[in-house]
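Step one of this worksheet: look at the structure below.
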């Protein structure tokens with residue numbers, strides 16, 4: 001039986017236009033400003049991957065920067081971009097009805113997103129999502145971003161839910177990889193950047209055409 005469900009935000013709950021190339025470029029700019037060797041940092045690994053590689057340079061003594069401060073500066077820069085994007089976002093069709101339904105059979109619901117607290121709080125307030133989610137986890141209050149499993153582990157611990165009793169609902173391959181690495185069931189919704197074929201290649205537990213199809217899982 002599912003006792004806790006965590007949901008991604010962008011592409012799963014809201015439709016939002018993101019410029020991932022600009023995101024990576026801004027991250028690279030902040031790292032470069034702080035003296036990191038960008039020849040050893042691969043933008044294609046995403047923000048978390050870039051930060052991991054930067055942290056490795058600090059650990060190896062190649063850079064003497066205060067990594068916590070650099071990370072905070074980077075996140076602040078990304079917050080500005082995300083908040084602009086959320087202003088133009090919209091709630092995906094049927095989300096309110098689906099979440100109302102899911103809340104009847106899942107005791108604990110939470111949001112877990114790679115977005116920052118500023119943009120997430122804005123989205124939660126704008127769309128009235130606080131009536132559904134008792135827990136909100138962002139990159140600002142988790143040890144690491146997806147695809148690392150550490151964020152999911154920390155969130156489930158905070159919710160008091162075992163991995164075997166949880167499900168993560170997202171729309172991307174990153175969501176699947178994070179959930180599988182964390183040992184948590186994952187439902188992939190074909191509402192974001194990835195089509196059903198791309199998602200199935202990652203071998204999620206479920207591939208659903210819309211959030212409304214979560215009703216099929218009510219008896220799990």
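A compact table of results
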{"item": "Criterion (without any contact (Cβ under 8 Å) to a residue 40 or more places away in the chain, surrounded by 16 or more Cβ atoms within 10 Å (Cβ to Cβ) and more than 26 Å from residue 206 (Cβ to Cβ)) met by exactly one of 21, 54", "result": "54"}
{"item": "Near pairs, Cβ below 7 angstrom, 6+ apart or cross-chain, from region 57-81 (closer than 16 Å to residue 143 by Cβ) to any residue that is not in a helix (DSSP H, G or I)", "result": "75/116; 75/139; 75/140"}
{"item": "Condition check for residue 137: within 25 Å of residue 101 (Cβ to Cβ), in contact (Cβ under 8 Å) with a residue 40 or more places away in the chain and buried (at least 22 other Cβ atoms within 10 Å of the Cβ)", "result": "yes"}
{"item": "Subset of region 57-94 [in contact with a helix residue (DSSP H, G or I) (Cβ under 7 Å, 6 or more places away or on another chain) and surrounded by fewer than 13 Cβ atoms within 10 Å (Cβ to Cβ)]", "result": "94"}
{"item": "Any hit, region 33-48, residues being loosely packed, with under 12 Cβ neighbours inside 10 Å, touching a residue at least 40 places away in the same chain (Cβ under 8 Å) and out of contact with any strand residue (DSSP E or B) (no Cβ under 7 Å at 6 or more places or on another chain)", "result": "no"}
{"item": "Pairs where the first residue, in region 198-213, is within 14 Å of residue 185 (Cβ to Cβ) and the second is surrounded by 14 or more Cβ atoms within 10 Å (Cβ to Cβ) and at pLDDT below 90, C-beta under 7 Å, 6+ apart", "result": "206/217; 208/214"}
{"item": "Helices (runs of 4 or more DSSP H) enclosed by region 35-128 - at least 3 residues per element that are under 19 Å from residue 169 (Cα atoms) and in the same structural domain as residue 163 (by TED's automatic domain parsing)", "result": "95-105, 117-127"}
{"item": "Residue count for region 3-28, restricted to those that are part of a loop (DSSP other than H, G, I, E, B) and modelled with pLDDT of 90 or more", "result": "6"}
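Matching residues to (1) crowded, with 18+ Cβ neighbours inside 10 Å; (2) in contact with a strand residue (DSSP E or B) (Cβ under 8 Å, 6 or more places away or on another chain); (3) more than 19 Å from residue 4 (Cα to Cα):
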| residue | (1), (2), (3) |
| --- | --- |
| 175 | yes, yes, no |
| 185 | yes, yes, no |
| 193 | no, no, yes |
| 196 | no, yes, yes |
| 210 | no, yes, yes |
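The values are calculated or read from the model by the stated rules, or taken from the named source; none is laboratory data. It should be emphasised that the depicted structure is a prediction, and the values quoted were computed from it without experimental measurement. Note: ideal-geometry Cβ built from the backbone for every residue, glycine included; neighbour counts use all protein chains shown.
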